[in-house]
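So the structure is just underneath, and the comments pick up after that.
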Amino acid sequence: MSLTYLATIPVKPEHMEEACSAVSSIVPATQEETGCLAFEPRRAADGSSTIIIFEEWADQTAFDFHHSQDYTKDVFAKYEDWLQSAPEFIEVKPLES
């Protein structure tokens, strides 16, 4: 069974453009990873400095592989200065489950 997450990333307003650029830069490589079924970052529509990523992975191994990639680690290293608080990953499931 696949793993699906809604990641909420609370960015300091002064770093929002940098954070969006950093996340956008890893989308092509992430979507090419074996086991990536979806990786779709968006800005919060309410005007807050929040990035929300819908991501679906074939399994835990694929999710862990993504987080072990240098480009992902690079974005997380930048987050150390850019975030208001830690990202939140909420696992979601279909309503039919």
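No lab work stands behind these numbers, since they all come straight from the coordinates. These figures come from a predicted structure and were not determined experimentally. Note that we place each Cβ from the backbone using ideal geometry, even for glycine, and neighbour counts take in every protein chain shown.
Restricting attention to the range 37-48 and to residues that are under 12 Å from the mean Cα position of the chain (by Cα) and closer than 15 Å to residue 20 by Cα, the residue that is surrounded by the most Cβ atoms within 10 Å (Cβ to Cβ) turns out to be 39. Going by the conditions given, is residue 40 closer than 19 Å to residue 88 by Cα and free of Cβ contacts under 8 Å to residues at least 60 places away in the same chain? Yes. When restricted to residues that are assigned to a helix (DSSP H, G or I) and under 15 Å from residue 9 (Cα atoms), the range 38-66 contains 0. Hey, could you check the range 49-94 for residues that are in contact (Cβ under 8 Å) with a residue 12 or more places away in the chain and hydroxyl-bearing (Ser, Thr, Tyr) and say which is surrounded by the most Cβ atoms within 10 Å (Cβ to Cβ)? Per the stated criteria, the residue is 49. A single member of 25, 21 is in contact with a helix residue (DSSP H, G or I) (Cβ under 9 Å, 6 or more places away or on another chain) and either among the β-branched types (Val, Ile, Thr) or part of a helix (DSSP H, G or I) (or both), and it is 25. Do we find a residue being in contact with a Pro (Cβ under 8 Å, 6 or more places away or on another chain) and either of a type in the set (Phe, Trp, Tyr) or farther than 24 Å from residue 1 by Cβ (or both) anywhere in the range 62-76? For the range 62-76, residues in contact with a Pro (Cβ under 8 Å, 6 or more places away or on another chain) and either of a type in the set (Phe, Trp, Tyr) or farther than 24 Å from residue 1 by Cβ (or both): absent.
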